[in-house]
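The values are calculated or read from the model by the stated rules, or taken from the named source; none is laboratory data. Predicted model only: the values in this text are computed from it and were never measured. Methodologically, a virtual Cβ is constructed for each residue, glycine included, from the backbone with ideal geometry; neighbour enumeration extends over all protein chains shown. Remember, those area values only see protein heavy atoms, side chains included, never the ligands or the DNA or RNA. Shrake-Rupley method; radii C 1.70, N 1.55, O 1.52, S 1.80 Å.
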Amino acid sequence: MDQSVNVTATSSSRGVVIQVREKKSCLRAAIPYMPFPLAVFCLFLNTFIPGLGTFVSAFMVLCGARTDLPNRHMCCVFLLNVAAALIQILTAVVMVGWIMSIFWGMDMVILASYKEQGIPHQV
């Protein structure tokens with residue numbers, strides 16, 4: 001996982017304001033923002049059949065779901081999600097894919113909760 005955190009701080013008369021931004025990898029940024037029930041369903045699928053929920057979420061991109069990759073073409077983002085699903089399926093034999101699949105499903109639920117609550121989550 002390619003994650004780095006940028007922290008900026010500004011001081012005011014009342015205190016310090018800290019802003020944290022997470023830099024996502026290309027695969028992570030391709031996770032679509034879905035309705036909450038569908039994200040929970042994909043998490044359920046990923047928990048019991050690694051990669052299946054990620055594969056289902058790939059089709060949500062074709063249905064117009066927003067991602068954190070606005071500059072990429074829809075088909076490219078779809079293929080990134082399919083690639084993530086294949087990685088999860090192929091590495092599930094050694095447990096890595098299964099664990100990755102569960103974390104991927106948890107990210108889907110987190111993004112869906114941001115969407116449901118109207119919290120802007122732009123990286």
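Scanning the stretch 28-41 for residues that are over 12 Å from the mean Cα position of the chain (by Cα) and not aromatic (Phe, Trp, Tyr) returns Pro35, Pro37, Leu38, Val40. When we screen Ile102, Ile110, Ile49, Ile87 for residues that are surrounded by 15 or more Cβ atoms within 10 Å (Cβ to Cβ) and without any contact (Cβ under 8 Å) to a residue 12 or more places away in the chain, the only hit is Ile49.
Selection of the stretch 23-48 for residues being among the basic types (Lys, Arg) and either over 16 Å from Val82 (Cβ atoms) or modelled with pLDDT of 95 or more (or both) yields Lys23, Lys24.
Results for (1) part of a helix (DSSP H, G or I); (2) under 15 Å from the mean Cα position of the chain (by Cα); (3) modelled with pLDDT of 90 or more; (4) more than 30 Å from Gln19 (Cβ to Cβ), shown as yes or no for each residue.
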{"site": "Pro50", "(1), (2), (3), (4)": "no, no, yes, yes"}
{"site": "Val61", "(1), (2), (3), (4)": "yes, yes, yes, no"}
{"site": "Arg72", "(1), (2), (3), (4)": "no, no, no, no"}
{"site": "Phe78", "(1), (2), (3), (4)": "yes, yes, yes, yes"}
{"site": "Leu86", "(1), (2), (3), (4)": "yes, no, yes, yes"}
{"site": "Gly97", "(1), (2), (3), (4)": "yes, no, yes, yes"}
{"site": "Phe103", "(1), (2), (3), (4)": "yes, yes, yes, no"}
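The single condition among (1) at pLDDT below 95; (2) open to solvent by less than 80 Å² (accessible area, probe 1.4 Å); (3) of a type outside the set (Gly, Ala, Ser) that Arg66 does not meet is (2). Cβ separations smaller than 8 Å between residues 6+ apart or across chains give the following pairs from the stretch 22-36 residues that are open to solvent by 30 Å² or more (accessible area, probe 1.4 Å) to residues that are of a type in the set (Lys, Arg): Pro35/Lys115; Phe36/Lys115.
Got a number for residues in the stretch 13-51 being touching a helix residue (DSSP H, G or I) at 6+ places or on another chain (Cβ under 8 Å) and polar (S, T, N, Q)? Total meeting the criteria: 2.
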